[in-house]
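Enquirer: Supplied in structure tokens, the structure appears directly below.
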Amino acid sequence: MTSCFLGLDVGTSGVKAILVAEGGSVEASAIMPLQLSTPHPGWAEQDPEAWWQASVAAIRNVLAALPGARIAAVGISGQMHSSVFLDAHGAVIRPALLWCDGRTTAECREITERVGGENRLRDLASNPALEGFTLPKVLWLRNHEPDSFARLTTVLLAKDFVRFKLTGVLATEPSDASATLMYDTARLRWSTEILDAVGLPHSIVPNVGGSSEILGTVTREASGLTGLGTGTPVVGGGADNACGAAGVGAITPGEAVTSWGTSGTVLAPTAEPRVDPALRAHTFCHVAPGVWYLMGVVLSAGGAFAWYRDQFARDLVSSGEANERLDAEAATVPPGAEGVTFLPYLQGERTPHRDASARGAFLGLSLAHSRAHLTRAVIEGVCFALRDSVSILNELGMSPGQMLLTGGGAKSAFVRRLQADVFGIPVCTVNREEGPAYGAALLAAVGARAFPNLVAAARATLVRGPLEHPDPGAHKAYDRPYEVFRASYGAAHSGATSLG
């Protein structure tokens with residue numbers, strides 16, 4: 001009987017389940033898609049019960065792919081910030097407001113004022129009030145849906161809701177808690193000062209355990225639904241970005257990783273809770289004890305490319321080779337897309353602009369431009385937005401010597417090369433492409449005592465590929481297009497030329 005660890009990732013576009021053997025190999029995987037609801041421009045919602053149903057299906061499918069496997073422990077990763085509102089019976093009150101939902105600008109101002117200003121909020125939470133965070137969503141519920149708020153007993157994050165359905169235990173862990181704006185990231189505790197300032201009961205937040213700590217076991221009911229054995233341990237897990245970093249070995253200070261999911265991130269672990277004085281980057285807890293990280297966020301990275309592909313390359317989508325064909329077209333265009341600039345702010349932006357009202361745009365179009373130019377501009381626009389975060393790390397004295405790549409940006413040789421050239425630093429991948437689900441499985445392995453800690457688990461299971469060095473000439477060629485990109489941010493509000 002094969003002993004495996006189950007890693008589950010509750011993402012925005014789908015739920016992914018993988019089985020990882022004790023030696024680190026991925027023995028089976030399954031994905032169940034999810035739909036995103038956008039009731040109004042700038043809004044983004046999902047039904048938490050849909051997460052659960054997709055998780056059940058993904059778990060059943062991955063277990064069926066490896067009959068006879070013994071699951072030693074379960075780890076769960078999930079989208080950050082997204083709010084699950086539960087009543088006293090553990091029932092979902094309304095659809096979750098997601099990390100990319102931008103409706104809470106007024107609530108962000110309310111929080112900042114009630115706490116005593118942005119500097120005070122930075123001292124208490126290490127972050128500013130941003131629309132994507134969880135606390136503004138709670139206040140939005142209070143301000144706009146008072147009947148629903150009157151039923152509210154507990155707020156959970158996405159992966160914590162799935163663990164609740166698996167185990168019946170209400171809990172979270174530091175990496176997700178630190179992204180709610182209700183947690184004192186530096187002192188590793190819920191911030192009673194913030195909760196008191198905004199008038200919320202302390203009981204609204206769950207207990208906090210460790211990311212690799214066993215926080216519950218699979219119930220008999222959940223066992224019948226998923227096929228997991230009753231009593232299977234389920235660890236704390238972690239936020240998707242932290243688990244994604246763990247899944248490629250970016251755990252210790254000095255490392256850095258860029259991830260392309262629906263959003264895009266640049267993440268750098270630190271040995272202390274360092275805070276960007278300008279609050280352009282976030283400071284959160286990592287899934288390894290005693291480690292924090294600084295992170296810049298692009299709200300639309302892979303999501304921007306998927307939108308572009310589905311809207312402007314519909315002739316390729318049905319073939320199943322759209323991404324490869326678009327990459328090949330873009331490779332025929334020189335750096336800078338011959339004057340076309342794409343602003344990827346389709347759902348607002350976080351780093352460095354902190355602006356939920358920003359919107360996307362194509363600039364510099366002419367009759368001489370083709371789809372190949374637009375494709376290259378989209379990919380370059382995402383890379384430029386990520387370079388903003390790399391620049392912030394450089395300013396803070398955390399200049400990465402190399403960049404680990406994961407997610408969609410790691411799978412394409414063309415996009416890997418483009419990132420190296422745009423960032424001006426070597427990039428590399430690792431031998432695992434499962435992202436946050438793999439990091440969650442490693443946490444499960446540590447919880448089951450297969451490894452003494454997460455660093456040991458990563459060293460035993462991950463192998464890095466060769467470095468891909470930037471072309472000095474190409475990097476220099478990107479300096480001007482990048483400056484044009486940065487100077488064009490105002491067009492995200494001015495109604496500049498956009499395609500639609």
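Enquirer: Looking for whichever is of a type in the set (A, V, I, L, M), closer than 17 Å to SER83 by Cβ and modelled with pLDDT of 95 or more here; the options are LEU166, LEU228, LEU170, LEU215. Which one fits?
Expert: Details: LEU166 fails: closer than 17 Å to SER83 by Cβ; LEU228 fails: closer than 17 Å to SER83 by Cβ; LEU215 fails: closer than 17 Å to SER83 by Cβ.
Answer to the selection: LEU170.
Enquirer: Here's another thing I want to ask about it. Of everything in region 14-42, what is in a loop (DSSP other than H, G, I, E, B), crowded, with 16+ Cβ neighbours inside 10 Å and touching a residue at least 24 places away in the same chain (Cβ under 8 Å)? Give them in sequence order.
Expert: From region 14-42, those in a loop (DSSP other than H, G, I, E, B) are 22-25, 34-36, 38-42; that's our starting set.
Then keep just the ones that are crowded, with 16+ Cβ neighbours inside 10 Å; that gives 22, 24, 34, 42.
Correct list: GLU22, GLY24, GLY42.
Enquirer: Scan region 223-265 residue by residue and report those that are in a strand (DSSP E or B) and under 23 Å from ILE379 (Cα atoms). Write out each step before concluding.
Expert: So in region 223-265, the residues in a strand (DSSP E or B) come out as 233-235, 238-239, 257-260, 264-265.
Selection gives VAL257, THR258, SER259, TRP260, GLY264, THR265.
Enquirer: If you scan region 281-293, which residues turn out to be surrounded by 24 or more Cβ atoms within 10 Å (Cβ to Cβ) and either farther than 20 Å from GLY102 by Cα or of a type in the set (Val, Ile, Thr) (or both)? Working first, answer last.
Expert: Looking only at region 281-293, we keep the residues that are surrounded by 24 or more Cβ atoms within 10 Å (Cβ to Cβ), and these are 281-282, 284-288, 292-293.
Once the filter is applied, which keeps residues that are surrounded by 24 or more Cβ atoms within 10 Å (Cβ to Cβ) and either farther than 20 Å from GLY102 by Cα or of a type in the set (Val, Ile, Thr) (or both), region 281-293 yields PHE284, CYS285, HIS286, VAL287, ALA288, TRP292, TYR293.
Enquirer: Is one or more of the residues making up region 199-209 assigned to a loop (DSSP other than H, G, I, E, B), under 21 Å from the mean Cα position of the chain (by Cα) and over 19 Å from LEU139 (Cβ atoms)?
Expert: So far as region 199-209 goes, yes, one or more of its residues are assigned to a loop (DSSP other than H, G, I, E, B), under 21 Å from the mean Cα position of the chain (by Cα) and over 19 Å from LEU139 (Cβ atoms).
Enquirer: Would you say LEU135 is farther than 19 Å from ARG280 by Cα, assigned by TED's automatic domain parsing to the domain that holds ARG187 and modelled with pLDDT of 95 or more? Step through it out loud before you land on a result.
Expert: On the way: farther than 19 Å from ARG280 by Cα: no; assigned by TED's automatic domain parsing to the domain that holds ARG187: yes; modelled with pLDDT of 95 or more: yes.
Against the criterion (farther than 19 Å from ARG280 by Cα, assigned by TED's automatic domain parsing to the domain that holds ARG187 and modelled with pLDDT of 95 or more), LEU135 does not qualify.
Enquirer: Related question: Looking only at region 130-150, filter to residues that are surrounded by fewer than 21 Cβ atoms within 10 Å (Cβ to Cβ) and among the charged types (D, E, K, R); which one of those is nearest to ALA88 (Cα to Cα)?
Expert: ASP147
Results for (1) aromatic (Phe, Trp, Tyr); (2) surrounded by 24 or more Cβ atoms within 10 Å (Cβ to Cβ); (3) closer than 22 Å to THR185 by Cα; (4) not assigned by TED's automatic domain parsing to the domain that holds ALA420, shown as yes or no for each residue.
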| position | (1), (2), (3), (4) |
| --- | --- |
| GLU255 | no, no, yes, yes |
| TRP260 | yes, yes, no, yes |
| ALA268 | no, yes, yes, yes |
| LEU279 | no, no, yes, yes |
| GLN311 | no, no, no, no |
| ALA322 | no, no, no, no |
| ARG325 | no, no, no, no |
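Enquirer: Residue check, GLU395 against (1) surrounded by 18 or more Cβ atoms within 10 Å (Cβ to Cβ); (2) out of contact with any helix residue (DSSP H, G or I) (no Cβ under 6 Å at 6 or more places or on another chain); (3) not small (Gly, Ala, Ser), all met but one. Which one?
Expert: (1)
The values are calculated or read from the model by the stated rules, or taken from the named source; none is laboratory data. All values reported here derive from a predicted model rather than from experimental measurement. Positions of Cβ are backbone-derived with ideal geometry, glycine not excepted, and every protein chain shown enters the neighbour counts.
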